[in-house]
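Before any comments, here is the structure.
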Amino acid sequence: MAHHTLLNQTTDVSRIGRRLALRCLPLGLWSLWRPASAQNERPFIFVYGDPLPPLSYTENGVLKGGSVRVIDELLNKRLKLSVTHQGFPWARAQAMVRSGDADALLGAYTPERAGYTVPTEEWLRQARLGAFVSARNPQWASFQKLSSLSDLAPLKLAYVLGNEWAQSVLADHRNLHSSPTREAAFRLLLAGRIDALVDVEVPTNMAISASGLESEVKMLPVTLATEEVKICVGNHSPLVAHIPAIDQTIRAMRKEGVISRLFKG
C-alpha cells in the first residue's frame, strides 16, 4: 500500500511538473522544445463523440457541429496546425486518445482522463450534468422536489457508457446501471426499469428531441454538477507542446466573442 501511494504521488508530481514546464516555456522556444518525433509527420487527430448533436455529428459524410467549428477555427485556422476531425462513439473516441491512436478530445478533465491526458488551462464551454426522468413515472411529482445529488440516493440511476464524467460523479451510488446509448436509456426510463438517466444537458436534450420524446422524457430542475470543458491532449501526443499557444489563442477568441458564436452556429 505504501509503495502504491508513493507511486501515485510520484506520478502526480511528474504530471504537474510537465504542465508547469509547458506554461513557462517562452513563446519563441516552442518549436525548439519539441522532440524530433513531434514534427508533423502526420496530421493531428482530434476525436469527437458521434452522434452528439449539436456539438458533433455526421451529415452527408461530413463531421459537423459546434465543437468541430471551434476546434477547426482554433487549431487549423489560427494556429495553422494540421488537424483532422474524426467522429466515433464516445467510448471509442476516448479509448483512441488513451491508446495514442488519436491526439486529443474535448471534454471535462475527469479523474479518469487525468491518467492519460494533459488539459489546457483555458476552457471552451461549461457543461451541466442533470437528471432525466420519465413523465409517466408514478413518482413524477416527488421527483420535482429533488434538489441535490444526495436526493437521488434511493433511485435506480443510469449513465451512458463512455460518459466518464457522469460515471465519476455517480461512483458511490449503489443502484447504478449503464446503457450503451441515450436512446436505449430512454427506453429503460419509459419501461420503468430505471428512475433517472444522469447525463449532460445539451446533447441529451437534443437526443430527446430527435427521438420525438419531448413530452415523455424530462430534465429535472436540479443541477448535479457543472464542469469546464477543455481540450484534453493525450500524454504522448506531440500536440502537448502546443498547449501554451492553444491557451493563448483561446483567451483571444473568448475576448472576441468567437467561441460562443461558433458553438451556437
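Key figures for this structure:
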{"quantity": "Residue in region 234-243 that is crowded, with 17+ Cβ neighbours inside 10 Å, under 16 Å from residue 69 (Cα atoms) and touching a residue at least 12 places away in the same chain (Cβ under 8 Å) present", "calculated": "no"}
{"quantity": "Test for residue 204: is it touching a Lys or Arg at 6+ places or on another chain (Cβ under 8 Å), part of a strand (DSSP E or B) and closer than 30 Å to residue 247 by Cβ", "calculated": "no"}
{"quantity": "Residues that are over 12 Å from the mean Cα position of the chain (by Cα) and either over 22 Å from residue 242 (Cα atoms) or surrounded by fewer than 22 Cβ atoms within 10 Å (Cβ to Cβ) (or both), drawn from region 86-103", "calculated": "86, 87, 88, 89, 92, 95, 96, 98, 99, 100, 101"}
{"quantity": "Extreme residue, farthest from residue 260 (Cα to Cα), among residues of region 67-109 that are of a type in the set (Ser, Thr, Tyr) and modelled with pLDDT of 95 or more", "calculated": "99"}
{"quantity": "Residue within region 115-126 that is within 12 Å of the chain's Cα centre (by Cα), exposed (fewer than 15 other Cβ atoms within 10 Å of the Cβ) and under 30 Å from residue 81 (Cβ atoms) present", "calculated": "yes"}
{"quantity": "Residues (closer than 13 Å to residue 219 by Cα and hydrophobic (A, V, I, L, M, F, W, C)) located in region 171-208", "calculated": "186, 189, 196, 197, 198, 200, 202, 206, 207, 208"}
{"quantity": "Qualifying position, being over 22 Å from residue 199 (Cβ atoms) and touching a residue at least 24 places away in the same chain (Cβ under 8 Å), among 114, 108, 93, 104", "calculated": "104"}
{"quantity": "Within region 68-155, strands (runs of 3 or more DSSP E) holding 3 or more residues that are assigned by TED's automatic domain parsing to the domain that holds residue 214", "calculated": "125-134"}
{"quantity": "Residue satisfying all of: in region 186-207; farther than 18 Å from residue 50 by Cβ and within 19 Å of the chain's Cα centre (by Cα); surrounded by the fewest Cβ atoms within 10 Å (Cβ to Cβ) among these", "calculated": "201"}
{"quantity": "Residue in region 208-224 that is surrounded by the most Cβ atoms within 10 Å (Cβ to Cβ), counting only those that are at pLDDT below 95 and among the hydrophobic types (A, V, I, L, M, F, W, C)", "calculated": "222"}
{"quantity": "Failed item, numbered, when residue 180 is tested on (1) touching a strand residue (DSSP E or B) at 6+ places or on another chain (Cβ under 9 Å); (2) in the same structural domain as residue 95 (by TED's automatic domain parsing)", "calculated": "(2)"}
{"quantity": "Qualifying positions in region 99-138 - out of contact with any strand residue (DSSP E or B) (no Cβ under 8 Å at 6 or more places or on another chain) and under 18 Å from residue 221 (Cβ atoms)", "calculated": "137"}
{"quantity": "Some residue of region 38-48 being buried (at least 16 other Cβ atoms within 10 Å of the Cβ) and of a type in the set (S, T, N, Q)", "calculated": "no"}
{"quantity": "Of all residues making up region 227-255, the number that are under 13 Å from residue 123 (Cβ atoms) and assigned to a strand (DSSP E or B)", "calculated": "6"}
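The values are calculated or read from the model by the stated rules, or taken from the named source; none is laboratory data. The structure presented is a predicted model; accordingly, all values stated were derived computationally and were not measured. Reconstructed Cβ throughout: ideal geometry from the backbone, glycine too, with neighbour counts over all protein chains shown.
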